[in-house]
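*Asks:* This is the structure I want to talk about, given as structure tokens.
The values are calculated or read from the model by the stated rules, or taken from the named source; none is laboratory data. On a predicted model such as this, the values are computed, not experimentally measured, just so you know. Here the Cβ positions follow ideal geometry from the backbone for every residue, glycine too, while neighbour counts run over all protein chains shown. To get the accessible areas, we keep the full protein, side chains included, count just its heavy atoms, and leave off ligands, DNA and RNA. Shrake-Rupley method; radii C 1.70, N 1.55, O 1.52, S 1.80 Å.
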Amino acid sequence: MEWIDRIGLVAGIVLPLWNIPLIIRIAKRRSSQDISLWWALGVWVCIMLMAPSGFRSEDVVWRTFNIVNVFFFTGVVAVTVYFRWVQRKQSQKV
């Protein structure tokens, strides 16, 4: 593996990790109001549509990025949808 591929591999692993602070921020605030639900779902659907190509690819960088990105962005969407659901329930009680 060439050095440029190694750099790409590291970046492909690190880039999706930036979703962790977003997940933590939403959980701490107990709100996902500053995240567009349409944006989150739109990005997630596109990621899921690209995933089969990434999973089958012989390119280690692309395959690794897809696996890590599917996992962490699914977390973002799950937390966003969950807190939207919680907020809706709370607003119906009032």
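*Asks:* Starting from the stretch 1-53, pick out the trypsin sites (Lys or Arg not before Pro) whose DSSP state is loop and whose Cβ has at most 15 other Cβ atoms within 10 Å.
*Replies:* Those that pass, being in a loop and sparsely packed, are ARG30.
*Asks:* Here's another thing I want to ask about it. State the extension gain, in nm to one decimal, for the chain segment bounded by LYS28 and ALA78, taking 0.36 nm per residue of separation less the distance between their alpha-carbons.
*Replies:* Using 0.36 nm per residue and subtracting the Cα-Cα distance, I get 16.5 nm.
*Asks:* For the chain, what does the helix formula give at 222 nm: sum of -39500 (n - 2.57) over DSSP H segments with n ≥ 4, over the residue count, nearest 500 deg cm²/dmol?
*Replies:* Here the helix-only value at 222 nm equals -29500 deg cm²/dmol.
*Asks:* Restricting the calculation to Cα positions, tell me the Rg (one decimal) and the Dmax (whole number) of the chain in Å.
*Replies:* Both quantities, over Cα of the chain: 16.0, 60 Å.
*Asks:* Over the chain, what is the relative contact order in percent, taking alpha-carbon pairs closer than 8 angstrom and at least six residues apart?
*Replies:* 42 percent
*Asks:* Turning to a different aspect of this structure: Using a 1.4 angstrom probe with every protein chain in place, what is the largest-first accessible-area order of PHE71, PHE55, PHE83?
*Replies:* Listed by decreasing accessible area, they come as PHE71, PHE55, PHE83.
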